[in-house]
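The values are calculated or read from the model by the stated rules, or taken from the named source; none is laboratory data. Values in this document were obtained by computation on a predicted structure and should not be read as measured data. All Cβ positions, even for glycine, are placed from backbone atoms using ideal geometry, and neighbour counts span all protein chains on display. Ligands, DNA and RNA are stripped out before the accessible areas are found, and what is left, the full protein with its side chains, is counted by its heavy atoms. Shrake-Rupley method; radii C 1.70, N 1.55, O 1.52, S 1.80 Å.
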Amino acid sequence: MAKRAVHRRARKILGEDPVALVWCEIHKPIPTPPEDVHRASGKKRLKPGRHWLRYIGAVVFFFVVIPMMLIDGLDRLLQGRRRRGPRAGEPQTPPEDRPAASRRGPARDRRQDPTNGIFDGDWNLAAGQLLLRWYGHSPNPKRLVMLAHDRVCIATSPRRRLSPTKADDFRTVVEFPLDQVRVEGEAGQPRGFATFRLRFTDGSWLEVGRLGEPEDADHFLRTISG
């Protein structure tokens, strides 16, 4: 459960004890908005920042792991050919005579949701505007949603990395009175897969997931579903 520093900071921001709070994230990539819409919003970033350790890991993978895999695979291939020897007289099917399906690979006929299932799809409504500015406040993907008696506040930390149980430097980046937004979710969702939605009075909605501490998540979901 979030520790005293988090609750103390939340109480200071809200001016009262939070009804419920939980750390969450946009749990899927943000779809690409139209260029004019993105430009009008200030062309804020649409992806979270990456910690420098991830870049080191990527460099090690590409320049150390992959070459070793290629060398090992080539060595096994050459050993196999030496054991089998040449195969004389075996007919070969030219690529142009092969069935078209085998050249194309698996057919990709399944339609994908252009909104990626994270919002209603209208960038000009409240949820779309919130999504456009989601990472503009902080490159950190985590957001603290705090429920007060008269409003919903979303806060974040300016740091790239934070401990959700101990963070005490987060600040409110946006808040909505309860007559503009309703928080929807079901209690009893599997831990690690639970989500909830911010549904606005203009008909738009935004879904978030990757909820933080299990006790906070359970209490939050019970509160909004009650």
Arg171 passes all but one of the listed conditions (1) modelled with pLDDT under 95; (2) within 26 Å of Pro31 (Cβ to Cβ); the exception is number (2)
- Item | Test result for Pro114, more than 15 Å from Lys28 (Cβ to Cβ) and part of a loop (DSSP other than H, G, I, E, B) | no
Within region 12-39, the count of residues that are surrounded by 14 or more Cβ atoms within 10 Å (Cβ to Cβ), out of contact with any helix residue (DSSP H, G or I) (no Cβ under 9 Å at 6 or more places or on another chain) and not in a loop (DSSP other than H, G, I, E, B) comes to 3
- prompt: Do we have Asp122 as more than 25 Å from Gly15 (Cβ to Cβ) and of a type in the set (Asp, Glu) here?
  reply: yes
(1) at pLDDT 95 or above; (2) outside any loop (DSSP other than H, G, I, E, B); (3) open to solvent by 50 Å² or more (accessible area, probe 1.4 Å) all hold for Glu215 apart from (1)
If we scan region 163-176, do we find a residue that is out of contact with any Phe, Trp or Tyr (no Cβ under 7 Å at 6 or more places or on another chain), open to solvent by 50 Å² or more (accessible area, probe 1.4 Å), assigned to a loop (DSSP other than H, G, I, E, B) and among the hydrophobic types (A, V, I, L, M, F, W, C)? no
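Condition test on Val181, is it open to solvent by less than 40 Å² (accessible area, probe 1.4 Å), modelled with pLDDT of 95 or more and either in contact with a Cys (Cβ under 6 Å, 6 or more places away or on another chain) or among the hydroxyl-bearing types (Ser, Thr, Tyr) (or both)?
no
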Of the residues in region 190-202, those that are more than 18 Å from the chain's Cα centre (by Cα) and open to solvent by less than 50 Å² (accessible area, probe 1.4 Å) come to Phe200
